[in-house]
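Q: Sharing a structure with you now.
Computed from the coordinates by the stated procedures, all read-outs in this text should not be read as laboratory data. Worth saying up front: this structure is predicted, and the values here are computed from it rather than measured. Glycine gets a Cβ as well: all are built from the backbone with ideal geometry, and neighbour counts include every protein chain shown.
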Amino acid sequence: MTHVDAHVYGHDKPSPRSAEPGSRSSRCRWEYCDLVLAPSIPTSRIIARAVEKLLFVDANIWLDFYRPRQSDVALELLKQLEGLADKIIVTHVLEMEYKKNRQAAILLGLNELRSPPKLTTLGIFSEATAARTIEKNRDAIDKRLDRLRSRLQKALVHPAQHDPVYRTCRRIFGRQSELVLSLDNDGRMRRLRRIIREKATRRFLLGCPPRKDRETSIGDAVNWEWMVRCAEEHDAELVILTRDQDYGPQFDKGLLLNDHLNQEFKERVSQKRKVLLYKSAALALKHFHVKVPKEVVNSEMKFISSTPSTTSTAEPTKKDELLALFREFAQGVKDSPTEEDSSWLDDDDAPTGIANVEDFPKVEPEDEDDKDRPGDNEQTPG
């Protein structure tokens, strides 16, 4: 199968070279499409068919804009993502996850804005010009850090006025589009939400990916079901941008799509359509013919290499830590076992003994109504 980037045209349409921007022959958004050519048809008689691509940007990608980076190219990628807003798939679950974790991500970034440690100056250099210059520059650094902290605090408290990432996400998430599964109350959207929620619940109960081993919500399943539905309706390929391994394991420097998701997508959408999984926004944008500067690509790859991916397999809780939590909880319960009598918390794989009636203290009824009456314990015939 040959892929060529070109205008979409037929026998009765001009060639791509004669198409001018804004003309009728260039009405198709060809810059976002790949041209699929049938290998058995001669090149001179080809009728091209556009293969559309849709983009899903996971919540962790939006939150990465708040995390420390070694360069200032983050906002450049943000602008390029917003330029593809009409190709971005959005769900209300994605919006919720971003807003739920935005403040925590900002607070983590706020902790990174710490003043550098004070350098110790030797006594014989206490009057040296270099020592005074270092101290002067340190004061200037502290003042600039205070300004950055103030700006970050404003973004934390008033995101609509001071957070550029929040404003961009609000424009993308809140737009009216066939690719947005929102919480609107119109009949069509309510029906779509019910259909997607039922499908997501079914795949969650069956243990189908994408989901974590100890996941308790159907958020990832909702996102996937909506992605597949959008790809079905647009007969499109899917580009997923994520740092998590919910959609596939880490392989080499990238992510490998889960076998089950790959087979499911081909069966439900088309055998000729693919799901492309990326950790780098710069690499994913190339599928939409967005020119990303080389320094932006290198900067993001360094950031990704320094930020570990979130594995889809949660680490099991250690036994000692779990027992400590149980004992801490038991201390607040009346008549709870003491530290010396906490064998009930230990799991030594020993069989539990059979309890005898004599092991339980006899409880006297408080009044006459609590006493057993003849025939209370007898089963009433049906």
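Q: Neighbour counts of other C-beta atoms within 10 Å: give me 242, 168 arranged from fewest to most.
A: Neighbour counts put them in this order, fewest first: 168, 242.
Q: Please list the non-local residues whose amide H lies under 5 Å from the amide H of residue 181, H modeled 1.01 Å from N, same-chain partners needing a gap of 5 or more.
A: So residue 181 has HN proximity to 90, 91, 92.
Q: Read phi for every residue in the range 262-268 and hand back ³J(HN,Hα) as whole Hz from Karplus 6.51 cos²θ - 1.76 cosθ + 1.60, θ = phi - 60°, with x for Gly and Pro.
A: For the range 262-268, the Karplus-derived couplings read 5, 5, 4, 5, 5, 6, 8 Hz, x marking Gly and Pro.
Q: Would you mind ranking 302, 279, 100 so that the residue whose beta carbon has the fewest other beta carbons within 10 Å leads the list? Please list the in-between numbers first.
A: Details: 302 13, 279 25, 100 10.
So the ranking, lowest neighbour count to highest, is 100, 302, 279.
Q: OK, next. Of 79/286; 154/294; 87/266; 100/286, which ones are farther than 24 Å apart at the Cα?
A: 154/294; 100/286
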